[in-house]
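K.L.:
The structure follows.
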Amino acid sequence: MNKKKNFTETCAEKIIQYRYLSILFCLILLVTSFRGVDGIAFSPDTEQFFPENYPIAENHLQIEDTFYSSDSVIIALGVDEGTVFEPRILNLIEEITNKAWSTPHSIRVDSLSNFSFVRAEGDDLIVEPFIEESLQWDQEKINERSALIEKEEQAYGTILSKDKQTTFINISIDAPKDDVEKEYAESMEHIFAFMDPLKEDYPEADIRYAGIVYVEYLSPLIIKAEMPILIPTLLFVILLSLFILLRNVAAVIGSLMVIVFSVIASVGILGHFNTTVSQPFLMVVIVVATLAVADCVHLFNVYFQSKLEKSTKDSIIKSLRLNLEPLLLTSLTTSIGFLCLNLAPIPALRVVANGIVIGVVAAFIFSIFFLAPLMSFFNIKASSQIENQTKLSRRVGQFSLKNRKKIIWLVPLFSIFFMSFIPLNETKDNPMEFYSDRFTSVTEDTKWLAKRLGGTFLVTYEYVSEDLISDPEYLRQLDDLTSWLEKQDEVLSVNSLSKIIKNLNRTLNGDDQSWYVIPEDSELIAQYLFFYEMSLPFGLDLASSINQERTSTKITVSLKEIDSKAFIKFYDKVENYANLSIVSGNLSEGGGTRSVMSFMGMILAEQLLYALIIGFVVITLTIALFYRSLSTGLITAIPNVLPIGVAFGIWGIFSSNVSMLVSLGIGCTLGIVVDFSVHFLSKYLHARRDLGLTAEESILYAFETVGFPLTIMTVSLCLGFAVLLLASFMPLRGFAGITMVSFVAALIIDLLLFPAILIAWDGKKKYN
């Protein structure tokens, strides 16, 4: 161990000896990193969150490729009295529909205005818009059309509510997605341009917006609005806490430089690889900033303690000598923890994990090779509070030692109590509820629409025929599936080709309800479809529900507003039905953005559990190899794992909603809480092996040297992550909440339980 000591001391002396070169190296790294910042591109595309190589996600993308894109803007119209079947409202619907066709990147517009109304004149099939030139109609004709819509099952749940008080215009968008932000902005700004005057002209209509395109359009706007608030707030609370605790302006300025440099390096290096980021990328800034502060605090604390007796140069060398090893180890273990998150199948979250790893390494480099040499140029005086802080830390250590026999079973007992609530947690993700109403009313509007229509949860299936879709047996199977789906409690409505065929058959047979069945003749069915498609208005063909080869159709199921758990049950129920009842053809896995999101939390939780286990094992072995002792690595397992379990249990009590980023928070916590135990362990072992102190004396030494920095680290982490509670992106709030609880639990366990474990493990050992 003396060899290692001499090596670290030599490194510390060389860093100060070659301080100019060290600072120059850091500045070159900073400039090189900064040049890559422009390579970062922001994309609001929800597909960044889709799990890779999972059937639910792959099938969604397959359905998107086969049929029209499901990305859309929904313009919803509601009335509080009467129905939408009133001349002015019908005229408004018609105006919006006509103007919507000119929306950039739009490929289809569906509304009550152009809904296909089918009737027969002799042997001819007539397809005309359901509503046309409404202001020229009298109320009797309007009432007539209102009555006719009741037999058009395809309309309910898609463009009209059951009570006829709400309708919406669905604008399908198929943008190239080369630049989603720009393309969706073009679409939405065009819509706002013609809608704003209409909203003024028709005050009686309650007009709302919804849809994935609308949400993804808002994302960059919200980010741009929040960044000037969140980032300065983050820096302010961290620096204020540092000043209050350290009472030294120079230390605060030095820490600020390391924070800014580390964040620039993280963002810039990713930019050199032309990385695309999304809303959760804000976590990179938060995590990197707070961990950079932790590195700085450890350097300053030992420096201040040593400065009371030694010169500036000697104090810096001592701080480097005592902190080089633990900071290197914590940077390594933290990086391992976050690198393991690359096992998560979510591309956007892997970017976050890798960005944090880069930032952690950068924080180590800038604190050791920039901040420490920079300090040597200035005679930074020790804080007047350093002695009081050391005494306070010692008292906490004495309390821990005095009560260690009680603590060693009380803390685990309380931990087990909280962990017993872990089963209360459930995975839930709804992209329509990702944003608060701080900058937008999208969540409120979506809830409004869901309440009026019963739900906005759409699931799509592709039903593939063994031959052609005109095969009667295939259509009967499709009709049986449609009927079965409509009987399920979770379902509001179902749109399928079988309904169109049955409606055509009834219409061409005198509207006799007995003819509302699938015809036996495939040629007749093909003829029905041919004449029907020929009669449809331009842009409203069946390409959105029939593939080009005419070998498959799309089924769209509208569900009630159910949570992820309920949807997964429904999903499994449909799969079981398909396996048992469908003989002709093949039913795909369900698709749709909400469908994928419902599975994402569960998938991520499972993958992160594997990542946690792997990360835990690798970190434990790394610590063991670093100290050349397996038992040393193993004793860190308890303070590293317990905080995560406790935090997850507390989350189950007070929230229980485990969203995508809550799962990520649980996963990334391991990489951070390890720092607590490693710093405490390193100071304890230094006292035992190098200073020759007893186990009890070494515990007190560890408290004196690292107790207060760990407290500052916890405060800084919690304040930094608390900034995320101000974010409009709701999953970030969950991430902040779970991690803050983890940090507080880690501090308590490391300052109370870990000393008792160390005494039990090492108390009787003797060192030369």
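We did not get these values from a lab; they are worked out from the coordinates using the rules stated. Predicted, not measured: the structure shown is a model, and the values here were computed from it. We place every Cβ from the backbone using ideal geometry, glycine too, and count neighbours over all the protein chains shown.
K.L.:
Working only with C-alpha atoms, what are the Rg and Dmax values of region 71-222, expressed in angstrom?
P.N.:
In Å, with Rg to one decimal and Dmax whole: 16.3, 57.
K.L.:
How do Cys340, Cys11 line up, fewest other C-beta atoms within 10 Å first? Show your work: numbers first, answer last.
P.N.:
Values: Cys340 25, Cys11 17.
Listing Cys340, Cys11 from fewest to most nearby Cβ atoms yields Cys11, Cys340.
K.L.:
Equivalent ellipsoid semi-axes for region 629-732, as square roots of 5 times the alpha carbon gyration tensor eigenvalues: give them largest first, rounded to whole Å.
P.N.:
Equivalent-ellipsoid dimensions as semi-axes: 33, 16, 10 Å.
K.L.:
I want to check the label-to-label distance for Ile613 and Arg119. Put each point 7 Å from Cα in the C-beta direction and report it in nm to one decimal.
P.N.:
6.6
K.L.:
As an exercise, use a Förster radius of 25 Å and the Cβ-Cβ distance of Leu240 and Ser655 to find the FRET efficiency, rounded to the nearest 0.05.
P.N.:
0.30
K.L.:
Right, here's the next one. Around Ser493, which amide H atoms from residues at least 5 apart in sequence, or from another chain, sit under 5 Å from its own amide H, with H modelled in the peptide plane?
P.N.:
Amide H to amide H, under 5 Å and 5 or more residues apart or across chains, Ser493 pairs with Ser558.
K.L.:
Starting from the Cα of Asp563, step 7 Å along the direction of its Cβ; do the same at Met227; then give the gap between the two resulting points in nm.
P.N.:
3.5
K.L.:
If you don't mind, another one. Rounded to the nearest 20 debye, what is the charge dipole size of the chain about its Cα centre when +1 sits on each Lys and Arg Cβ and -1 on each Asp and Glu Cβ?
P.N.:
It works out to roughly 7660 debye.
K.L.:
With a length cut of 30 Å (Cα positions projected on each helix's long axis) and a Kyte-Doolittle mean of at least 1.6, go through the chain and give me the DSSP H helices that pass.
P.N.:
212-246, 249-272, 593-627
K.L.:
Next question, about the same structure. Equivalent-ellipsoid semi-axes (√(5λ), Cα gyration tensor) for region 204-297, whole Å, largest first?
P.N.:
35, 18, 8
K.L.:
What are the trypsin sites (Lys or Arg not before Pro) within region 485-555 that DSSP puts in a loop, where the Cβ has at most 13 other Cβ atoms within 10 Å?
P.N.:
Lys487
K.L.:
On to the next question. Ranked highest first by average number of other Cβ atoms within 10 Å, how do 284-297, 699-712 line up?
P.N.:
In decreasing order of mean packing, 284-297, 699-712 become 284-297, 699-712.
K.L.:
Here's a follow-up. From the C-alpha coordinates alone, can you work out the Kirkwood hydrodynamic radius of the chain, in Å?
P.N.:
Computed over the chain, the radius equals 29.4 Å.
K.L.:
Related question: Between Leu308 and Ala543, with labels modelled 7 Å along Cα→Cβ, what's the label distance in nm to one decimal, could you check?
P.N.:
Those two pseudo-labels are separated by 7.9 nm.
K.L.:
Quick one: what do you get for region 164-233 if you divide its Cα Rg by 2.2 N^0.38 Å?
P.N.:
1.37
K.L.:
Then there's this: Per-residue counts of other Cβ atoms within 10 Å, averaged by peptide: what ranking do you get for 47-53, 543-549, 647-653, 110-116, highest first?
P.N.:
Most protected by this proxy first, the peptides run 110-116, 647-653, 47-53, 543-549.
K.L.:
To continue, here is another question. To the nearest 0.05, how large is the calculated FRET efficiency for Leu198 and Leu328 if R₀ is 56 Å and r is the Cβ-Cβ distance?
P.N.:
The computed FRET efficiency comes out at 0.30.
K.L.:
Take the Cβ-Cβ distance between Ser102 and Gln527 as r, set R0 to 41 Å, and report the resulting FRET efficiency rounded to the nearest 0.05.
P.N.:
Computed FRET efficiency for Ser102 and Gln527 comes out at 0.70.
K.L.:
How much length would be gained if the chain were fully extended between Ser441 and Lys487, taking 0.36 nm per residue of separation minus their Cα-Cα distance, in nm to one decimal? Could the numbers behind the result be given before it?
P.N.:
Working: separation 46, 0.36 × 46 = 16.56 nm, distance 3.36 nm.
Taking Ser441 through Lys487 to full extension adds about 13.2 nm, to one decimal.
K.L.:
Let me have the 222 nm mean residue ellipticity of the chain computed from DSSP H runs of 4+ only, each contributing -39500 (n - 2.57), with the sum over all residues rounded to the nearest 500. All intermediate terms of the calculation are to be shown ahead of the outcome.
P.N.:
Working: 27 runs with 466 residues, N = 768.
Theoretical 222 nm ellipticity from helices: -20500 deg cm²/dmol.
K.L.:
Still on this model: Can you give me the C-alpha center-to-center distance between region 287-347 and region 700-724, rounded to a whole angstrom?
P.N.:
12
K.L.:
Between Leu413 and Leu536, what is 0.36 nm times their sequence separation minus the Cα-Cα distance? Round to one decimal in nm. Each step should come with its number before you reach the end.
P.N.:
On the way: separation 123, 0.36 × 123 = 44.28 nm, distance 7.03 nm.
Extra length available between Leu413 and Leu536 comes to 37.3 nm.
K.L.:
Sort 301-307, 674-680, 520-526 for me by packing, meaning the mean count of neighbouring Cβ atoms within 10 Å per residue, highest on top.
P.N.:
674-680, 301-307, 520-526
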